[in-house]
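This report refers to the structure that appears directly beneath it.
The values are calculated or read from the model by the stated rules, or taken from the named source; none is laboratory data. As the structure is a computational prediction, the values presented were derived from the model and not from experiment. Glycine gets a Cβ as well: all are built from the backbone with ideal geometry, and neighbour counts include every protein chain shown. These area figures cover heavy atoms from the full protein model, side chains too; ligands, DNA and RNA do not enter into them. Shrake-Rupley method; radii C 1.70, N 1.55, O 1.52, S 1.80 Å.
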Amino acid sequence: MLVVNKRLRPTDASDDMGAVLITVVVVMLVGFLIATIIAASVLTTINVNADNRRHTQAFVAAESGRDAAVAAMSDGCVAADMTGSGASPTFTYNIRTTAGAQPSDYDALTDANCPTISTTYIVIRSTGTGPNSTSATVDSVYRWSATYSDVPGGVVTYFSGNVSQGVSHYTGDLVLRNGDWSCTVGGLLEGDLYVLNGTVTLSNDCTIKGDIYAKGKVKGTSQNWHVQSRTSPNGWVSPGNIVTDAFVDFASNGNPSVAGSIHARGDVTLAAGGGGHGTVGGTVTSMQAADLINDAAWTTGAITLGSSTPPPFVPTLAWLEDATKWIDLDRTSGWIAGGATRIAVPSSSCNSVLQNDAATSTWVKDKLAVATGPIFIDFTSCNKNVSMTLDGVVNLNYDTVVLVPEGKSMTISLGSGLSAAAHRQLFFVHEDKNRDDVDVNGDPKPTCGIGGQDSFGTSGPIDTDIDVMIYSPCGLSGTVTASFQGQLYTDDTTNFHSGSNYTCRPMSWPTALANLGCAIKGAGGVIDMTTIVQKLGERVYQTER
């Protein structure tokens, strides 16, 4: 029988001990690998964060350089302002200018001189440096504008077609930049009339208390019209003269009268008509030699024919054309730069806010009620037309701008419930679609973003403490049946009518709109509107790298 000694052969336990050892070694290797991966990830995160921190510091330094350049431009430019640098944080900046359309490439611009009255945009390139020589560069494009410190306002300063008086009783000087002007039946204009590139037609019972200056002919087509003298509130005396670069054609029907003198480059025809008798209180001067004056039907002062003296335009029509260039207003015009608070209609709320007139009006009333200072109500995020009626109990506690996007129409109705405890300004601005759009002469022109006109009307008298401005590059339609005061600044008023008093009031908004005045002349002569104000506008866009 075979006997086996158990002490002479391996046991199962020794086999298990080897397997455990291998397992331990494998686990240790895996743990080491995991620890290594975690350590590498942590190290990468630390490096990325450090790199981000360096780039953030460089970007902040670049924006600091941009802000330093903006401050230099805002204080009035000298040559040294076109470049600059800083040490804490570290940055350098350079400024380029252009007189053309909005630029898209800094490197394509070569003008490194201070902006001029022809400059339209400035571009600031600022490079900031962070730790370990990390750098960041921003290119920032800003608008640059140059306007007279005071410009003529009133009913309309830019027009591209024919227009009637439109307002039955208007107080203030009226400048019509383009187009012909005719007075409505029984219309009254208390101020000087300047028609820079058109004709003037006086109709039945029309009265102008002031002087007429016209590039084109001045004629009467009906009866009982009058050009009278006036002393304006600022002390200027208008004798009731007629000055034209063309001719004058009047008939004596209905006993018309000119209180002052007539001075024309062309013929002056004073004919008989309807058995009436016309009167010219002053002299009659024509650069033409023909005698077309009916002495039996007209009484005049001294008559000079074939004169070598051109019609005396004060100021010149060329100066007025320059002073009355269209002022482009849009969302980048600097509405909040003067300290106003921006209140934006969020795009998510547009459907409910602009669903109908009542919703819009209520929303605006609520914002007016809680305002604690001048406010800028911005509808430019909305894709709906803006229509509102401000009536009932509406308190205008602070100056307010309501901005309507260029692609949507604007319908405004104001009522007697709109009131203010102190003098306030209320602006309704339909933004111009293209600030770079110019006419054939290179002058800015209104650019409408809709297919029709905006509308303005009243349902009751406007509080005399509130000056209202309606700005529309699309033109205005509507009927105003109550008295109001302020400014109408628009492209076209052919379809706008007012059966009540409209009194021009000077209006302005800090940094966005120069002073729109209501008089061309003051007690000492032509009001000083020769000062050109150049200023930096809002940033249009910025690129970063």
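If you go through region 278-293, how many residues are buried (at least 17 other Cβ atoms within 10 Å of the Cβ) and either more than 48 Å from the chain's Cα centre (by Cα) or over 18 Å from S229 (Cα atoms) (or both)?
4
What pairs come up if the first residue lies in region 121-133 and is closer than 11 Å to N94 by Cβ, the second is open to solvent by 40 Å² or more (accessible area, probe 1.4 Å) and outside any loop (DSSP other than H, G, I, E, B), and their beta carbons are under 6 Å apart, counting only those six or more places apart or on different chains?
Close Cβ pairs (under 6 Å, with a partner that is open to solvent by 40 Å² or more (accessible area, probe 1.4 Å) and outside any loop (DSSP other than H, G, I, E, B)) amount to V123/R96; R125/N94; T127/T92; T127/S135.
Might you let me know whether region 61-78 holds any residue that is modelled with pLDDT of 90 or more, open to solvent by less than 50 Å² (accessible area, probe 1.4 Å), assigned to a strand (DSSP E or B) and hydrophobic (A, V, I, L, M, F, W, C)?
No; the residues of region 61-78 include none that is modelled with pLDDT of 90 or more, open to solvent by less than 50 Å² (accessible area, probe 1.4 Å), assigned to a strand (DSSP E or B) and hydrophobic (A, V, I, L, M, F, W, C).
Could you give every pair whose Cβ atoms fall below 8 Å, whose first residue belongs to region 469-492 and is at positive phi, and whose second residue is in a loop (DSSP other than H, G, I, E, B), counting only separations of at least 6 or pairs across chains?
Every condition considered, the pairs that remain are G475/C448; G475/Q453; G475/D491; G475/D492; G475/T493; G475/T494; G486/R505.
Across region 314-338, which residue is modelled with the lowest pLDDT among those that are under 23 Å from H263 (Cβ atoms) and assigned to a loop (DSSP other than H, G, I, E, B)?
Looking at residues that are under 23 Å from H263 (Cβ atoms) and assigned to a loop (DSSP other than H, G, I, E, B), I get T324.
If you scan region 175-234, which residues turn out to be touching a helix residue (DSSP H, G or I) at 6+ places or on another chain (Cβ under 8 Å) and surrounded by 24 or more Cβ atoms within 10 Å (Cβ to Cβ)?
Answer for region 175-234, where residues must be touching a helix residue (DSSP H, G or I) at 6+ places or on another chain (Cβ under 8 Å) and surrounded by 24 or more Cβ atoms within 10 Å (Cβ to Cβ): V175, Y194, Y213.
Looking at the structure I just gave you, is G486 surrounded by fewer than 16 Cβ atoms within 10 Å (Cβ to Cβ) and either more than 14 Å from the chain's Cα centre (by Cα) or not polar (S, T, N, Q) (or both)?
No.
When you check A87 against the structure, is it surrounded by fewer than 10 Cβ atoms within 10 Å (Cβ to Cβ), more than 30 Å from S118 (Cα to Cα) and modelled with pLDDT of 70 or more, yes or no?
Yes: the conditions hold for A87.
Yes or no: region 216-226 includes at least one residue that is in contact with a Phe, Trp or Tyr (Cβ under 7 Å, 6 or more places away or on another chain), hydroxyl-bearing (S, T, Y) and outside any strand (DSSP E or B).
Within region 216-226 (the criterion being in contact with a Phe, Trp or Tyr (Cβ under 7 Å, 6 or more places away or on another chain), hydroxyl-bearing (S, T, Y) and outside any strand (DSSP E or B)), the answer is no, since none of the residues qualifies.
So is T464 of a type in the set (S, T, Y), open to solvent by less than 20 Å² (accessible area, probe 1.4 Å) and under 21 Å from T400 (Cα atoms) or not?
So T464 does not fit the description; no.
Under 8 Å between Cβ atoms, which residue pairs at least 6 apart in sequence (or on different chains) link something in region 221-238 that is free of Cβ contacts under 8 Å to residues at least 60 places away in the same chain and among the basic types (K, R) with a partner that is open to solvent by less than 70 Å² (accessible area, probe 1.4 Å) and not in a loop (DSSP other than H, G, I, E, B)?
So the pair list comes out as R230/E190; R230/K209; R230/S238.
Considering region 127-150 alone, what residues qualify as being part of a strand (DSSP E or B) and modelled with pLDDT under 75?
T147, Y148, D150 - these are the residues of region 127-150 that are part of a strand (DSSP E or B) and modelled with pLDDT under 75.
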